[in-house]
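See structure below.
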Amino acid sequence: MPAQNAAASQAPPSAAKVVTPVAYVSLEQVPRTQTVDVALMLNIAPGYHINSHTPSQTYLIPTNVTLADTSGFQPAGSNYPAGQMQTFAFTQDKLSVYSGSATIWLRFQAQSDAPLGEITLPLVVKYQACNATACLPPAKVAVPVHVSIATPDTKPKPTHPEIFKTEPKLTQESAAK
């Protein structure tokens, strides 16, 4: 029995367990027709990396965030961090990767007919995790982000100023789709 337990503990983790996403929302309530920013922090398990949003090789799977259902919100901008160029034993090429952690900045606009009250932005993170010698199968991880929709005359109240004070410029061209 102990030999089986030792073998099981050496099995590679599920790709979905290698990355832990944590989302922060910039406003306590989002007035209809206004925008809200989301800082999506990806915490990557030690010894692993994921391809950046713009991988250095066309055959690599990019890290990407999508909005699974747009009822209530539309993507309005994003900013993915630059990858770190690293070399690995399985290739001579330097690869653009994220390791440790990476923050993806996203902006969404509340639609004029968005339902009032608490809703969930159903984000999905797609990535492929690898270690120094092998890659795990690609993963899609759901990240439910809870947002409260308010009437258009509601004054926005910022949340998490320690996170959003360093927010980079978001571009429409690379918006989460």
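Just a few scattered comments:
- All positions within the stretch 84-115 that are among the aliphatic types (A, V, I, L, M) and more than 30 Å from R32 (Cβ to Cβ): M85, A89, L95, V97, A102
- Among residues of the stretch 17-55 being outside any strand (DSSP E or B) and of a type in the set (G, A, S), the one that is nearest to H160 (Cα to Cα) is S26.
- Residues that are farther than 18 Å from G100 by Cα and assigned to a loop (DSSP other than H, G, I, E, B) within the stretch 136-161 comprise P137, P138, T151, P152, D153, T154, K155, P156, K157, T159, H160, listed in sequence order.
- Whichever residue in the stretch 67-117 is of a type in the set (S, T, Y) and assigned to a loop (DSSP other than H, G, I, E, B) and, among such residues, is farthest from D153 (Cα to Cα): S99
- Here T120, T166, T133 are screened, and the one residue that is loosely packed, with under 15 Cβ neighbours inside 10 Å, at pLDDT below 95 and assigned to a strand (DSSP E or B) is T120.
- Out of P21, P55, sole residue that is surrounded by fewer than 21 Cβ atoms within 10 Å (Cβ to Cβ) and more than 15 Å from the chain's Cα centre (by Cα): P55
The values are calculated or read from the model by the stated rules, or taken from the named source; none is laboratory data. Every value quoted in this text rests on a predicted model; they were computed, and no experiment measured them. Every residue, glycine as well, gets a Cβ built from its backbone with ideal geometry; the counts of neighbours run over all protein chains shown.
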